[in-house]
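Written below as structure tokens is the structure these notes are about.
What follows is calculated from the coordinates using simple rules that are stated; it is not laboratory data. Just so you know, these numbers come straight off a predicted model, no measurement behind them. So basically every Cβ, Gly included, is an ideal-geometry build from the backbone, and we count neighbours across all protein chains shown.
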Amino acid sequence: MDAVILNESKSCIKCGYDLKGLNTSGNCPECGTPVERSLRGDLLRFADDQYRDALFRGVTFIMAGIVVSLVLMIIGLLAGALMGRSPGIMLVINCLGLVGTALGLYGYYHYSTPDPGQLGSNKGESPRRILRVAIWVSAVCSVVAIPLQFAFGASANANSGAPNEAALAAGLLSLLVGLASTVAWIVQFFAAMLYTKWLAPRFPSERILKRASLLMWLGPVLFVFGCGIGGLIALIMYYNMFSWMRKALIAIRAGEDHSDDVALST
Ligand SMILES: [Zn+2]
């Protein structure tokens, strides 16, 4: 393109610096990225490598978190059936469950990395910020819940069933932490879906957009009324959506055309 002076606000894709007033043939004064690279549009193909890598890490760990959580849930159910639901066993199972939770939260954290080239008043920014807050609340709740459960179990055991004040306090706190955690997960889900809806046209992918829109309402319905199996179906649909993103990101990185809308199978 002909070199001209940029007369409107445009963020540098690498550092977010406002390039207004600069020559389009020049470089960003903050990070040295060619101005021309920041003018190519919103597609992820043209986004900064570090941002795309963060997205890739994010979806990969979200998927790993889902798989690990499912495996641990099955192990937990088996252990509970074989060895009884004693507080000790439940504590071990819940501690193991933290691994899946931690993988997922690490994934969502990277998935919600700010894109320096998309800062400002875009539609993805609010859900992205809300997602980040919900991730922190979830993380704190998950960590705090374990010692609370331990305290509750220990004091309940010491009194052989007769509740004392310490056990009641620990029980009440566990309940509150559980409630906060549940709210955080719900907020996290909707924020993640809204953010995905914003991200989908940047791949660009029609099926990711449609899946995120579908899960916005179908996900909660299946979880609440699905008698367990519905929740599992929703989880698989959710997992597939992230696997599509992962495939598309790999294709973008390799410089391939990822016409995912042709192959609608998983
Ligand atoms: Zn820059």
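Brief remarks follow.
- Taking all Cα pairs closer than 8 Å and separated by 6 or more residues, the relative contact order of the chain comes to 18 percent.
- Candidates per trypsin sites (Lys or Arg not before Pro) in the stretch 23-56, loop by DSSP, up to 15 other Cβ within 10 Å: 40
- Shown for 138, 174, 126: other C-beta atoms within 10 Å of each C-beta, ranked fewest to most, produce the order 126, 174, 138.
- Cβ-based exposure ranking for 217, 198, in which fewest neighbours within 10 Å come first: 217, 198
- Put a dot 7 Å past the Cα of residue 78, heading toward its Cβ, do the same for residue 36, and the two dots end up 5.9 nm apart.
- The stretch 85-114 residues near the modelled residue 250 label - backbone nitrogen below 11 Å, point 7 Å along Cα→Cβ: none
- Modelled FRET efficiency - R0 22 Å, residue 3 with residue 123, Cβ distances, 0.05 increments: 0.10
- Computed lengthening from residue 165 to residue 214, 0.36 nm per intervening residue step minus Cα-Cα distance: 13.0 nm
- By the helix-only formula, in which each DSSP H run with n ≥ 4 contributes -39500 (n - 2.57) and the sum is divided by residues, the chain has a 222 nm mean residue ellipticity of -23500 deg cm²/dmol.
- Isolated Cys in the chain, by beta carbon distance under 4.7 Å: 95, 141, 227
- Net charge dipole, the chain: roughly 300 debye, given to the nearest 20, about the Cα centre with Cβ charges of +1 for Lys and Arg and -1 for Asp and Glu.
- Across the stretch 48-253, the convex hull enclosing all Cα atoms gives 122 Å³ per residue.
- From least to most packed, judged by other beta carbons within 10 angstrom and beginning with the fewest, 89, 5, 135 follow the order 5, 89, 135.
- Size estimate for the stretch 1-40 follows the Kirkwood approach: the inverse of mean 1/r over distinct Cα pairs works out to 9.6 Å.
- Calculated FRET efficiency for the pair residue 53/residue 235, C-beta based, R₀ 25 Å, to 0.05: 0.45
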